[in-house]
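Below is one structure, written out as structure tokens, with a few remarks after it.
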Amino acid sequence: MGWFKPKSWILNSLKLVDKVANKLSGGKEWETISSRLGKVLMDPNASGWATGVAKGICGALNVIDKDHCIRSVEEERVELLKVMHKMKLAYEELRSFKTNPLTGGKGEVR
């Protein structure tokens, strides 16, 4: 098939639909519904209908993919750490300039 990988395309499409549905229901755009439900399960203070929904959906997903919701939270944290690392590298590069490319002046970025 060359460049087209159906399994990868399907998984990426499902993840996109998941993130859009999560955003439309009040979640963060980078977060999946599984990650959001996993956070509810991990919260010792969570109670009420959200906990019941999280247990039900994550329980069903566990049949297909063990610990799916909990692993989704960890995957999200890893992605955020990668972004933070890139931001740190960019900040360090910016500080290394002799003149500030943002202001045109000399000195360090503060």
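Taking Cα centre as origin and charging only the Cβ of basic (Lys, Arg, +1) and acidic (Asp, Glu, -1) residues, the dipole magnitude of the chain rounds to 300 debye.
Can you list the equivalent-ellipsoid semi-axes of segment 6-73, largest first and in whole Å, using the square root of 5 times each Cα gyration tensor eigenvalue?
Working: eigenvalues 89, 44, 16 Å².
Whole-Å semi-axes of the equivalent ellipsoid: 21, 15, 9.
Descending by average beta-carbon neighbour count within 10 Å, the peptides 31-38, 50-57, 13-20 line up as 31-38, 50-57, 13-20, the highest first.
Running Debye on segment 47-93 with equal point scatterers at the Cα sites and no solvent, what base-10 log of I(q)/I(0) appears at q = 0.27 Å⁻¹? Taking Cα atoms of segment 47-93 as identical point scatterers yields -0.92.
Helix-derived [θ] at 222 nm for the chain: sum -39500 (n - 2.57) over DSSP H runs of at least 4, divide by residue count, nearest 500?
On the way: 4 runs with 73 residues, N = 110.
Helix contribution divided over all residues of the chain: -22500 deg cm²/dmol.
Candidates Pro6, Leu37, Val73 compared by Cα position along the dipole of the chain: farthest toward the positive end lies Pro6, with charges placed on Cβ.
Where does the longest stretch of the chain lie that holds no chymotrypsin sites (Phe, Trp or Tyr not before Pro) found in a DSSP loop with 10 or fewer other Cβ atoms within 10 Å? Before the final figure, lay out the partial values.
On the way: sites that count: Trp3, Phe4.
Counting at most 10 other Cβ atoms within 10 Å as exposed, the longest clean stretch of the chain is 5-110.
Every read-out reported here was derived from the displayed coordinates using simple, explicitly stated rules and does not represent laboratory data. Being a predicted model, the structure only gives us computed values, none of them experimental. Every residue, glycine as well, gets a Cβ built from its backbone with ideal geometry; the counts of neighbours run over all protein chains shown.
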